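Peer 1: Encoded as C-alpha cells, here's the structure I'll be asking about.
The values are calculated or read from the model by the stated rules, or taken from the named source; none is laboratory data. These numbers were taken from a predicted model, which means no experiment stands behind them. Quick reminder, even Gly has a Cβ in these numbers, built from the backbone with ideal geometry, and neighbours come from all protein chains shown.
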C-alpha cells in the first residue's frame, strides 16, 4: 500500500506535468468531481471519480508519502512545477469509452480540478516532450499532442480548459471533452443508461466508479468459459472506496442477471475466498481480512464488501512489503563456482 500511495502521487505529478497549462487560479480554488462530470462526453461506458484532496491527506497516505525513500525527490518536483498535490489538487474524474477487446478502440481521458501555474507547467511539458510536442487551437482551446506516455503506447493529448481544470488522455476523447466545454456536444448527463448506474453509486465516498456493461460482452465471456456462465445478463458494476472512523471500506456491486445466476456467482466467489485459508493460517491478519469480506446476492445483484481497520491494513502492508523486498533483493555475492572434477591420473605403462 505504501508503494501504491506513492505511485499515486507520482501519477498526480505526471498528470499535472503533462496536461496542465494556465495561470494560477483565483478565488477559493478548484471544484469537485461533480463539476468535472459536466464535462464528460455522453458516449462513455464508465466513470471513475476521486475526491483527491481528501484521499491524499488521509493519515495513512500522508505517512506513506513522507516515509518513502523518494520523498526528497518528490519535494524537488513540487518546486519545479509549482504544484503540491496535497494542497492544490481537488478532484479527478476518469472517463472511459469503449470496452476492452471490443470492436472499437478503447479511449480514456482524465479530468483534473486543481490550482496551478501556467509558466512552470508549460516549461515542464516542453522539457518532457521536447520537439515532439505539437500545438493546435481547437474550439478556442490550445491542444497539446505528442506527449510521451508508456513505451509502446501512442502519445497522449492534453489541454487546459480554464483556470482550474485540465484534461489529458487519448486524442479522440480529449477533443470530445472540449466539444462538451464548447457546448457543441452533450455531456454524460444525457446518457440515460449510465446515469441510472451513477445514481446507484455511493458518490459521497472518497472514490467511486460506475460502468455500463454491453450485453454482448457478458454473453461472449459466458460462451467462452463455462465458469463465467453466471455473468450472462450482468448489465452494470459500481465500486466505491471510503474511510470512516479509521476503517477502510470497500464495495463492488454488479447489477443484472437473475436470482439463480447471481447465487451461483456469489457461491463461486465464496469458494475463491475459502482458498485463502492456507495463507490465513500463516498470517492472522490475512485471516481477519478474509473474515471481513462479505459476499451476498439477490434477485438482481451480487455484492462484495469489506471493512478493514487501519492497524490491520498497516500490518498487512508491512508484511507484504517485506515479502516483495525479499523476492527482489539483489544478490550481493557472486554464486560460488562448482568444483571442477579432476581428470583421473593416467596409469603408467607396464
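Peer 1: Of the residues that sit in the range 120-154 and are in a loop (DSSP other than H, G, I, E, B) and out of contact with any helix residue (DSSP H, G or I) (no Cβ under 7 Å at 6 or more places or on another chain), which one is nearest to residue 40 (Cα to Cα)? Can you show your working first?
Peer 2: Looking only at the range 120-154, we keep the residues that are in a loop (DSSP other than H, G, I, E, B), and these are 133, 139-140, 148-154.
Subsequent filtering for residues that are out of contact with any helix residue (DSSP H, G or I) (no Cβ under 7 Å at 6 or more places or on another chain) retains 140, 149-154.
On the way: 140: 18, 149: 22, 150: 24, 151: 27, 152: 27, 153: 23, 154: 22 Å.
Filtering first and then ranking leaves 140.
Peer 1: Just give me the residues in the range 292-312 being outside any strand (DSSP E or B) and under 26 Å from residue 64 (Cα atoms), in sequence order. First the steps, then the outcome.
Peer 2: Restricting attention to the range 292-312, the residues satisfying the condition of being outside any strand (DSSP E or B) are 292-293, 298-300, 310-312.
Within the range 292-312, 292, 293, 310, 311, 312 qualify.
Peer 1: Does residue 119 satisfy the condition of being surrounded by fewer than 21 Cβ atoms within 10 Å (Cβ to Cβ), modelled with pLDDT under 95 and within 30 Å of residue 233 (Cβ to Cβ)?
Peer 2: Values: surrounded by fewer than 21 Cβ atoms within 10 Å (Cβ to Cβ): yes; modelled with pLDDT under 95: yes; within 30 Å of residue 233 (Cβ to Cβ): no.
The answer is no for residue 119.
Peer 1: Can you confirm whether the range 313-321 contains a residue that is modelled with pLDDT under 85, more than 30 Å from residue 246 (Cα to Cα) and outside any loop (DSSP other than H, G, I, E, B)?
Peer 2: No: the range 313-321 contains no residue that is modelled with pLDDT under 85, more than 30 Å from residue 246 (Cα to Cα) and outside any loop (DSSP other than H, G, I, E, B).
Peer 1: Scan the range 160-180 and tell me whether some residue there is part of a loop (DSSP other than H, G, I, E, B) and more than 23 Å from the chain's Cα centre (by Cα).
Peer 2: Within the range 160-180, the subset part of a loop (DSSP other than H, G, I, E, B) is 163-164, 170.
When the remaining residues are screened for being more than 23 Å from the chain's Cα centre (by Cα), the result is 163.
Yes, the range 160-180 contains a residue that is part of a loop (DSSP other than H, G, I, E, B) and more than 23 Å from the chain's Cα centre (by Cα).
Peer 1: Scan the helices (runs of 4 or more DSSP H) fully inside the range 32-101 and keep the ones with 2 or more residues being within 16 Å of residue 205 (Cα to Cα) and touching a residue at least 24 places away in the same chain (Cβ under 8 Å). Explain how you work it out, then say what you get.
Peer 2: Working: elements: 33-37, 52-56, 59-67, 71-81, 85-88.
Per the criteria, 33-37, 52-56.
Peer 1: Exactly one of these conditions fails for residue 264: (1) under 27 Å from the mean Cα position of the chain (by Cα); (2) over 25 Å from residue 48 (Cβ atoms). Give me its number.
Peer 2: (1)
Peer 1: Suppose we filter 215, 294 for residues that are closer than 23 Å to residue 200 by Cα, touching a strand residue (DSSP E or B) at 6+ places or on another chain (Cβ under 9 Å), exposed (fewer than 14 other Cβ atoms within 10 Å of the Cβ) and at pLDDT below 90; which single one remains?
Peer 2: On the way: 294 fails: at pLDDT below 90.
Within the list 215, 294, the selection yields 215.
Peer 1: Can you find a residue that is assigned to a strand (DSSP E or B), touching a helix residue (DSSP H, G or I) at 6+ places or on another chain (Cβ under 6 Å) and assigned by TED's automatic domain parsing to the domain that holds residue 139 anywhere in the range 181-198?
Peer 2: Applying the first criterion (assigned to a strand (DSSP E or B)) to the range 181-198 yields 187.
If we keep only those that are touching a helix residue (DSSP H, G or I) at 6+ places or on another chain (Cβ under 6 Å) too, we end up with 187.
Retained after the next criterion (residues that are assigned by TED's automatic domain parsing to the domain that holds residue 139): 187.
Yes, the conditions are met somewhere in the range 181-198.
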